[in-house]
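Here's the structure, in structure tokens; my notes come after.
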Amino acid sequence: MPGEKAKVVKIGDIGILKRRLLDLGVLGGEVITALRVASLGDPMEIDIKNQKLSIRKSDADHIEVEKLR
């Protein structure tokens, strides 16, 4: 949901997208913030290191996160 924060725990096997995410700094331990979710739930926009990324729900399902309070 928009405004929620989470810490990246692990990025699963999502092919070439994993490499792109790593190049953008989406690493274990990084904090991400959910900014927006499309009306049908796909894609979602996240903020990580002051970068805004749009990611498909099917790809986001392969990123293990830990919710922060």
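What FRET efficiency, computed as 1/(1 + (r/R0)^6) with R0 = 22 Å and r the Cβ-Cβ distance, is obtained for LEU40 and LYS10, rounded to the nearest 0.05? With a Förster radius of 22 Å, E is 0.25. Under 5 Å between amide hydrogens, built in the peptide plane, is the criterion, and for LEU35 it picks out GLY3, GLU45, ILE46, ASP47 among residues at least 5 positions away or on other chains. Pairs of Cα atoms nearer than 8 Å and 6+ residues apart set the relative contact order; for the chain it is 41 percent. With a simple spin-label model that places each label point 7 Å from the Cα along the Cα-to-Cβ direction, the separation between GLU30 and ASP47 comes to 1.5 nm. Accessible surface area normalised per residue over the chain is 71 Å², counting heavy atoms of protein chains with a 1.4 Å rolling probe.
Here each label is just a point 7 Å from Cα along the line to Cβ, and for GLU66 and ARG20 those points are 2.8 nm apart. Pop out the carbon and sulfur fraction of the accessible area of the chain as a percent, whole number, probe 1.4 Å. Accessible surface attributable to carbon and sulfur in the chain totals 51 percent. Each residue of segment 34-44 is assigned a 3J(HN,Hα), and the resulting list reads 6, 9, 8, 10, 4, 4, 9, x, 8, x, 10 Hz, derived from the Karplus form 6.51 cos²θ - 1.76 cosθ + 1.60 (θ = phi - 60°), x at Gly and Pro.
Estimated from helical segments only, the mean residue ellipticity of the chain at 222 nm is -4000 deg cm²/dmol, where each DSSP H run of four or more residues counts as -39500 (n - 2.57).
For GLU4, the accessible surface of its heavy atoms amounts to roughly 80 Å² (probe 1.4 Å, protein chains only, rounded to the nearest 10).
The values are calculated or read from the model by the stated rules, or taken from the named source; none is laboratory data. Since the structure is predicted, the reported quantities are computational estimates derived from the model, not experimental observations. Neighbour counts run over all protein chains shown; Cβ positions are idealised from the backbone, glycine included. When the accessible area is computed, the model is the full protein with side chains, heavy atoms only, and any ligands, DNA or RNA have been set aside. Shrake-Rupley method; radii C 1.70, N 1.55, O 1.52, S 1.80 Å.
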